[in-house]
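A.B. asks: Please see the structure below; I have some questions.
Readers should treat all values here as calculations from the given coordinates under stated rules, not as data from a laboratory. Given the structure is predicted, the values throughout are model-derived calculations rather than measurements. In this analysis, Cβ positions are derived from the backbone assuming ideal geometry, glycine residues included, and neighbour counts consider all displayed protein chains.
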Amino acid sequence: MEADKAYLEAIQHGRYSEQVKDLRCKYDHVRIQFEDFITAFYLRPHLERLVEEKANNNGEGLRFYDLGCGTGDGYDLLSKMAGTTKLSEFDNRLIEQEMVEQYKGIDLNVALLKEARNLFGDYDHVDFCKGNFSEGLPLEEGEQPYDLYFTSYGTLSHCNDQELERLFVDIAKHAHNGSIILCDFIGRYSYEWQDIWTHEPEEQPYIDYLINYLYTEEDRDNVEISSFPLRLMSPPEVEKVLKSAAGKAGVELKVERFFDRSLFVGRHIETGTYNGNPQPLRLMVSSLFERGLRTYFPDLKVNYRPRRTFNWQNDALQTLADSWNALVDYTMVLMEHYDSDEELLPYPPPTEVKPLEKAYRVMRQTLEGSKGLYGDIRADLIEAQLGYALRSLEMNLQDGQGLGHGLIGIVKVVK
Ligand SMILES: C[S@@+](CC[C@H](N)C(=O)[O-])C[C@H]1O[C@@H](n2cnc3c(N)ncnc32)[C@H](O)[C@@H]1O
């Protein structure tokens, strides 16, 4: 299988399972501080509800099914999800180990499963098995329903529409009333692949995807890297498959929300593989979160080039780019004034954009409050706050239209 070969090459390359040591690896700061965070943020209220329902129901534990689990990252994400706790509290996990009755991860790739078992196989409630979700939902005889059917990082884009419909039908039948399906796809209108945007989605259902971002620019041209097709998705395309699956299963599959993830920091923003206007934005944003390392701010700015006739996509992405750039500019101005020991740091320019107004305020407050602190204030404090502020712009200036690297749908099974 093409995808299997490509993932094997990526894991053999080494950086795919490397933890954050280097800024260009699978677990870079953008993955952790932007992508994992954003997924967890939108999932949290649904998990809180499930936790509460379980607590009221004889204290049973939660059951998770991770489809395309890879090296078990889903277990890591779910078990590390933070609740809203007070500063003085030490443990902020939303779900403690003992609250998980079962986590089952399936994947086609045995090398990834082996790594998953190495990392998490010691837990009794964790199980990794080989399975193919393109042939329906892999289940054992009498297997109990799951509270969450989880996918991550574009995994469902491995299915064509018939496979996806069959998988949704199986999940809809197997789930209980109130189960959640986290559907993670590749977004149709990400700026990363602006060259292949189309007004006729049925003419361009797939992107011929390359995991070439793990390689240096030089290696990318010299090493032969396998590609595989991934289904590009927009909300109407997902809804069409859901509607048909719900009809066949005889249950309601209710979209609670869609959200876009990584609008300007997707893996391919820098490769230029599918966009003639590559920019080092992912690396720069990762650098903001790296302690002890200062980032070159001019490279943090988005140079958005509209594509003719794609009006709503251009408007939405330009609005985000304008706010993003205005915040970077204002932070540079604040730092210059800070250095000249001025009593009062300049106030931000007026804006109608509420998320930008808040982000300006936070950056000014950060610089004001940082005077006299220990350490490299820029590298460790100001830049990290700017990273969070850019993340909040990304989250608040989109409404899940397929404009990010990832398009995620949170779907509730209603029986
Ligand atoms: C984008 S990766 C996500 C991996 C992991 N969940 C993560 O968060 O990093 C997609 C995963 O789906 C697996 N996969 C692709 N097609 C599959 C299929 N038909 N059945 C099971 N797993 C599949 C791949 O081997 C790969 O591990």
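A.B. asks: Express the Stokes-Einstein translational diffusion coefficient of the range 136-201 in µm² s⁻¹, to the nearest whole number, given a Kirkwood radius over alpha-carbon pairs, 20 °C and a viscosity of 1.002 mPa s. It would help to have the intermediate numbers written out before the result.
C.D. replies: Details: Rh = 13.7 Å.
Here the translational diffusion coefficient equals 156 µm²/s.
A.B. asks: Where q = 0.07, 0.08, 0.13, 0.14 Å⁻¹, what log10 of I(q)/I(0) comes from the Debye formula for the chain, counting one point per Cα?
C.D. replies: -0.35, -0.45, -1.20, -1.37
A.B. asks: Moving on. Packing-wise, with mean Cβ within 10 Å as the measure, how do 282-289, 115-122 rank, highest first?
C.D. replies: Working: 282-289: 23.9, 115-122: 16.5.
Highest mean packing first, the order is 282-289, 115-122.
A.B. asks: If the cut-off is a Cα-Cα distance under 15 Å, which aspartates and glutamates reach K130, setting aside same-chain residues fewer than 8 apart in sequence?
C.D. replies: Partners found: D4, D66, D107, E115, E140.
A.B. asks: So, by mean Cβ neighbours within 10 angstrom, what's the order for 57-70, 296-309 with the highest one leading? List each step's numbers first, then the result.
C.D. replies: Numbers: 57-70: 20.2, 296-309: 14.5.
Final packing ranking: 57-70, 296-309.
A.B. asks: If you don't mind, another one. Run the numbers for Y206 and E141: contour at 0.36 nm per residue of separation, minus the present Cα-Cα distance, in nm.
C.D. replies: On the way: separation 65, 0.36 × 65 = 23.40 nm, distance 3.45 nm.
The Y206-E141 span can extend by a further 19.9 nm.
A.B. asks: Run through all the Cα pairs of the range 291-415 and give the fraction in each 5 Å bin from 0, expressed as whole percent.
C.D. replies: The distribution over the range 291-415 is 2, 9, 18, 20, 17, 12, 9, 6, 4, 2, 1, 0, 0, given as percents.
A.B. asks: Over the Cα atoms of the range 91-161, each weighted equally, I'd like the Debye log10 I(q)/I(0) at q = 0.13, 0.16, 0.29 Å⁻¹, rounded to two decimals.
C.D. replies: So the normalised log intensities are -0.46, -0.70, -1.48.
A.B. asks: Separate question: From the phi angles alone, apply the Karplus equation (6.51, -1.76, 1.60; θ = phi - 60°) to the range 28-44 and give each ³J(HN,Hα) in whole Hz, x where the residue is Gly or Pro.
C.D. replies: 6, 5, 5, 4, 7, 7, 9, 6, 4, 4, 5, 4, 5, 4, 6, 7, 3
A.B. asks: How about K54: which lysines have a C-alpha closer than 25 Å to its C-alpha, ignoring those fewer than 8 places off in the same chain?
C.D. replies: Partners found: K80, K86, K104, K173, K254, K412, K415.
A.B. asks: Sorting check: for 192-202, 39-49, 99-109, which peptide has the highest mean count of neighbouring beta carbons within 10 Å, and how do the rest follow?
C.D. replies: Working: 192-202: 15.4, 39-49: 17.1, 99-109: 20.6.
Top of the packing list down: 99-109, 39-49, 192-202.
A.B. asks: Over all directions, how big on average is the projection of the convex hull of the alpha-carbon atoms in the range 70-220, in square nanometres?
C.D. replies: Computed as one quarter of the Cα hull surface, the answer is 13.2 nm².
A.B. asks: On C-alpha positions alone, give me the angle between the axis of helix 235-249 and the longest principal axis of the chain, in degrees, nearest 10.
C.D. replies: Around 20 degrees separate the two axes.
A.B. asks: Gap in Å between the Cα centre of the range 222-257 and the Cα centre of the range 174-221?
C.D. replies: Using only Cα atoms, the two centres lie 11 Å from each other.
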